[in-house]
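What follows is calculated from the coordinates using simple rules that are stated; it is not laboratory data. From a predicted model like this one, the values you see are computed outputs, not experimental measurements. Positions of Cβ are backbone-derived with ideal geometry, glycine not excepted, and every protein chain shown enters the neighbour counts.
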Amino acid sequence: MPINHRYGVRVEQTKKPFILGLGGTTSPVSSTEVALAISLQAAEAAGAETELFGSDRLMALPHYRSDPAGLNQTGKDLVELVRRADGILISSPGYHGTISGLVKNAIDYIEETSTDGRTYLDGLPVGLIVTAYGWQAVGSTLAALRSIVHALRGWPTPLGVGINASGGMFSQGVCTDESVNEQLKMVAQQVMLRAETR
Ligand SMILES: Cc1cc2nc3c(=O)[nH]c(=O)nc-3n(C[C@H](O)[C@H](O)[C@H](O)COP(=O)(O)O)c2cc1C
């Protein structure tokens with residue numbers, strides 16, 4: 001049972017924190033999505049309910065605000081998942097030194113919460129994961145993602161996981177690099193720490 005330390009009092013939380021995992025590429029077996037899934041598993045192990053909004057649903061999102069009729073069902077589902085979230089993990093590949101269009105399009109849908117009581121990601125812990133084939137794009141993409149989360153009033157966790165995936169460390173849902181594995185667990189634990197005390 002998750003523990004809530006609010007106001008210095010140790011109280012058992014009856015509801016599990018809900019952690020949304022958002023990210024990936026056009027491939028469901030991308031390093032970017034596998035890394036996100038590993039991190040979500042660590043959040044679950046720490047007591048969270050989780051959901052991964054990955055490749056298939058990212059690709060079912062039209063360009064944000066491209067349809068005058070409004071959001072399609074996948075878009076509506078994403079906005080509701082964001083509204084429900086007590087914490088978020090975002091995973092993007094580095095494309096040309098910044099986050100991918102596919103992931104940014106999904107993030108654009110968060111604009112729908114601009115007039116909510118909880119605006120955007122206000123107060124939410126957000127863990128960030130970036131994959132690229134070189135360290136330069138890892139650094140610039142992580143910095144771009146942090147700026148986006150700040151713009152959305154979220155709280156990026158101290159650890160952001162930057163992964164140089166050019167060595168092919170992800171295969172069949174697992175990561176063979178122990179240091180990367182540990183970081184993916186740690187970022188989830190940092191999200192959980194604040195998700196439980198919000
Ligand atoms: C359009 C595109 C642009 C890319 N740009 C970069 C880049 O600027 N720097 C880099 O290190 N890797 C770049 N890559 C490689 C991706 O970062 C890499 O495919 C991804 O992060 C990790 O692999 P995944 O596709 O299995 O998730 C690019 C890939 C694509 C498809």
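Here are some notes:
- Other residues whose C-beta falls under 10 angstrom from the C-beta of Arg84 contribute a net charge of -3, scoring Lys and Arg +1 and Asp and Glu -1.
- Highest-first arrangement of 186-198, 53-65, 150-162, where packing means the average Cβ count within 10 Å: 186-198, 150-162, 53-65
- Here r is the Cβ-Cβ distance between Tyr133 and Lys104 and R0 is 25 Å; the resulting FRET efficiency, rounded to 0.05, is 0.85.
- The alpha-carbon of Lys104 sits under 29 angstrom from the alpha-carbons of these lysines, leaving out residues fewer than 8 places away in its chain: Lys16, Lys76, Lys185.
- Cα gyration tensor category, rounded, prolate or oblate, for region 19-194 with a/c compared to 1.5: prolate
- Fully extending the segment from His96 to Thr26 would add 23.6 nm, taking 0.36 nm per residue of separation and subtracting the current Cα-Cα distance.
- Based on DSSP H segments of at least four residues, each scored -39500 (n - 2.57), the chain has a per-residue ellipticity at 222 nm of -12500 deg cm²/dmol.
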